[in-house]
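Structure first, then comments.
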Amino acid sequence: MAYTPDNARLAKNTILLYFRMVLMMCINLYTSRIVLQTLGVEDYGIYNVVGGVVVMLSFINDSMTASTQRFLSFELGSGNKQKLHEVFITSINIHLLISLAVIFFGETVGLWFLHNEMVIPPERMVAAQWCYQLSIFTAVLNVLSYPYISAIIAHERMKSFAYIAILDAILKLLLVYLLLVFDFDRLILYAILYALEKLLIRSVYNIYCIRHFEECKYKWFYSKHLFKEMASFAGWKMWSELALVGYTQGLDLLLNVFFGPVVNAARATAYFAQRTVGNISSNFQMAINPQITKTYASGQLDSTHQLIFKGTRMTFCLLLIICLPLIVEAPAVLNIWLKEVPEGSDIFLRLLLVILIIQQSTSALVTAVAATGKIRRYETIIGCVMLSVLPIAYIVLKMGGAPWSVFVAFLAIVILAYIVTLRIILPQIQLDLIDYVKNAVWPCARVLFFSAIVTVGVTLLMEDTLFLSIINIILTLIWTCVFSFAFGLEAEERQVVQAKVKDVFAKIVKYHSGK
């Protein structure tokens, strides 16, 4: 039986994921502020750069996670339950191998880099070693969690996903409280508590999936063909994951080598804000991606194209609504958020948000090409383009460039990668360029044009005060929402939004009239 796209489920899952996102964003913003204040700028920079070494070593896991999600969603779309179980068991086996690889390289290459190349004050080296070892432990936990998380996403069980997020948020608040209470080396204590929190969350994911999804009950199975197919898919995805590591962690290491841990703190602050904002679009993508894969698996190419158009427009508009006020008023936002703002954070944040918007706008296309299973050409070319960021950034810094200059270079590479993505993917999924521009790019361009024009005009007329900055943020949010509604949505989508708004107001009126 062919898979039928469910717009009601998509809307419900999007709302649930946004609830999860808002909760996690509020908790993360609060906890990051307290952690920065408690650890101090130097220790905060050390934790992020040391943990970044382990993240670099676990990049292979991210590619395998993409492979797991694709194959699970594909088999759910095709309706093959036996193959679904085989895919899950194979993903578990592969992730076990990945965890062993993370431990091996972490305790050899990574450990050597920590002691020989990283700029760590001698008196903090013991604490840095604790952070490093616990980061390896946390990375292994994350590796072993992803098959179960992928199963929840593939089944579109976003309600459960949101409930687990609530538990995660509560534990993070408890972590911050304990960090303030205990009189101990707080950098070491933070690393220990964070690792324990991740251990508990991993256990919850495992228990839930085993109880609710039949295919998640582990029973030894090995298929050389399936193992090779999934590993091959992951291997090609690895190129793009290497590029991701290049700008998230590789650039962080370059900044550490050239400027020391204080600049890493500014970079970490901006990246944390970027990642938090990125969760907004990621939540919508998490809701729509399984449907893109399932419609393709069931042969409904027209439905796949419509989901791509919707995913591109919604992702862009949702990001612009949040990013535009932050880009315009970055210094004010950082001062409100943090008491002690690392120097240079505002420039980093602005550049990273622009990069985020461009990158995330291709997410629906990338999901579609992954659904085909034929990703070798795309991943090879894009991986080469993105990996060029590191040598270019090194040359820029070697020539005396400022810390922010590496992100200007990266922005140029991201724009090039966007053009290359369209050139490769559209023919592969039989999507006409004119149709894509008409239904996805042009609506986004109109939203951006009108929002930017009004925002820049108003900003130039306002004085530079905190009160007026807050007013500007609110106004920018309002008219970006208005332009997104007018130009970013199709007529049918506008009707759905209007109906939902009327329903909410009706419930509010009914509630107050009943009092």
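The values are calculated or read from the model by the stated rules, or taken from the named source; none is laboratory data. All values reported here derive from a predicted model rather than from experimental measurement. Backbone-built Cβ (ideal geometry, glycine too); neighbour counts: all protein chains shown.
Which of the numbered conditions does THR465 fail, given that it passes all the others? Conditions: (1) buried (at least 16 other Cβ atoms within 10 Å of the Cβ); (2) closer than 27 Å to ILE321 by Cβ; (3) among the polar types (S, T, N, Q).
Unmet condition: (1).
Give me the residue from region 401-431 that is assigned to a loop (DSSP other than H, G, I, E, B) and modelled with pLDDT of 85 or more and, out of that set, surrounded by the fewest Cβ atoms within 10 Å (Cβ to Cβ).
GLN430
May I ask you to list pairs of residues, at least six apart or on different chains, whose Cβ atoms are under 9 Å apart, with the first in region 112-127 being touching a residue at least 12 places away in the same chain (Cβ under 8 Å) and the second being of a type in the set (Ser, Thr, Tyr) and surrounded by 15 or more Cβ atoms within 10 Å (Cβ to Cβ)?
Close Cβ pairs satisfying both conditions: LEU114/TYR132; ALA127/TYR47.
Among TYR218, TYR208, which is the only one that is farther than 30 Å from ARG376 by Cβ and part of a helix (DSSP H, G or I)?
Among TYR218, TYR208, only TYR208 is farther than 30 Å from ARG376 by Cβ and part of a helix (DSSP H, G or I).
Take the residues in region 184-213 that are of a type in the set (Val, Ile, Thr) and over 25 Å from the mean Cα position of the chain (by Cα), then tell me which one is surrounded by the fewest Cβ atoms within 10 Å (Cβ to Cβ).
Top of the filtered list is ILE210.
State yes or no: is PHE113 under 27 Å from the mean Cα position of the chain (by Cα), crowded, with 19+ Cβ neighbours inside 10 Å and in a helix (DSSP H, G or I)?
no
Take ARG313 and decide whether it is at pLDDT below 80 and assigned to a helix (DSSP H, G or I).
no
If the requirement is being under 29 Å from ALA266 (Cβ atoms) and either modelled with pLDDT of 75 or more or surrounded by fewer than 19 Cβ atoms within 10 Å (Cβ to Cβ) (or both), which of these qualifies: THR68, THR38, THR90?
That would be THR38, the only listed residue that is under 29 Å from ALA266 (Cβ atoms) and either modelled with pLDDT of 75 or more or surrounded by fewer than 19 Cβ atoms within 10 Å (Cβ to Cβ) (or both).
Return yes when MET158 is farther than 30 Å from TYR208 by Cβ and not basic (Lys, Arg) and no when it is not.
No; evaluated as a whole, the condition is false for this residue.
Any chance region 215-226 includes a residue that's within 30 Å of LYS374 (Cα to Cα) and aliphatic (A, V, I, L, M)?
yes
Could you tell me which of the residues ILE395, ILE381, ILE327 is over 19 Å from the mean Cα position of the chain (by Cα) and without any contact (Cβ under 8 Å) to a residue 40 or more places away in the chain?
Of ILE395, ILE381, ILE327, the one residue that is over 19 Å from the mean Cα position of the chain (by Cα) and without any contact (Cβ under 8 Å) to a residue 40 or more places away in the chain is ILE395.
For region 457-503, name all the residues that are within 25 Å of PHE309 (Cα to Cα), free of Cβ contacts under 8 Å to residues at least 40 places away in the same chain and aromatic (Phe, Trp, Tyr).
TRP479, PHE483, PHE485
GLU107: part of a helix (DSSP H, G or I) and acidic (Asp, Glu), yes or no?
Against the criterion (part of a helix (DSSP H, G or I) and acidic (Asp, Glu)), GLU107 qualifies.
Residues are listed down the side, and each one gets a yes or a no for (1) in contact with a Pro (Cβ under 8 Å, 6 or more places away or on another chain); (2) under 19 Å from CYS26 (Cβ atoms); (3) surrounded by 23 or more Cβ atoms within 10 Å (Cβ to Cβ):
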{"residue": "SER303", "(1), (2), (3)": "yes, no, no"}
{"residue": "ILE308", "(1), (2), (3)": "no, no, yes"}
{"residue": "CYS317", "(1), (2), (3)": "no, no, yes"}
{"residue": "LEU320", "(1), (2), (3)": "no, no, yes"}
{"residue": "VAL328", "(1), (2), (3)": "no, no, no"}
{"residue": "LEU338", "(1), (2), (3)": "no, yes, no"}
{"residue": "GLU343", "(1), (2), (3)": "no, no, no"}
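I'd like to know if region 162-183 contains one or more residues that are assigned to a helix (DSSP H, G or I), of a type in the set (D, E, K, R), in contact (Cβ under 8 Å) with a residue 40 or more places away in the chain and surrounded by fewer than 18 Cβ atoms within 10 Å (Cβ to Cβ).
Among the residues of region 162-183, not one is assigned to a helix (DSSP H, G or I), of a type in the set (D, E, K, R), in contact (Cβ under 8 Å) with a residue 40 or more places away in the chain and surrounded by fewer than 18 Cβ atoms within 10 Å (Cβ to Cβ), which makes the answer no.
Just wondering, is there one or more residues in region 90-112 that are assigned by TED's automatic domain parsing to the domain that holds LYS228 and farther than 30 Å from LEU134 by Cα?
The answer is no, given that none of the residues of region 90-112 is assigned by TED's automatic domain parsing to the domain that holds LYS228 and farther than 30 Å from LEU134 by Cα.
May I ask you to say which residue of ASN279, ASN289 is assigned by TED's automatic domain parsing to the domain that holds ALA364, at pLDDT 80 or above, within 30 Å of PHE410 (Cβ to Cβ) and not charged (D, E, K, R)?
ASN289
Please count how many residues of region 363-377 are hydroxyl-bearing (Ser, Thr, Tyr) and crowded, with 24+ Cβ neighbours inside 10 Å.
Of the residues in region 363-377, 1 are hydroxyl-bearing (Ser, Thr, Tyr) and crowded, with 24+ Cβ neighbours inside 10 Å.
Is it the case that some residue within region 480-494 is at pLDDT below 90 and loosely packed, with under 12 Cβ neighbours inside 10 Å?
So far as region 480-494 goes, yes, one or more of its residues are at pLDDT below 90 and loosely packed, with under 12 Cβ neighbours inside 10 Å.
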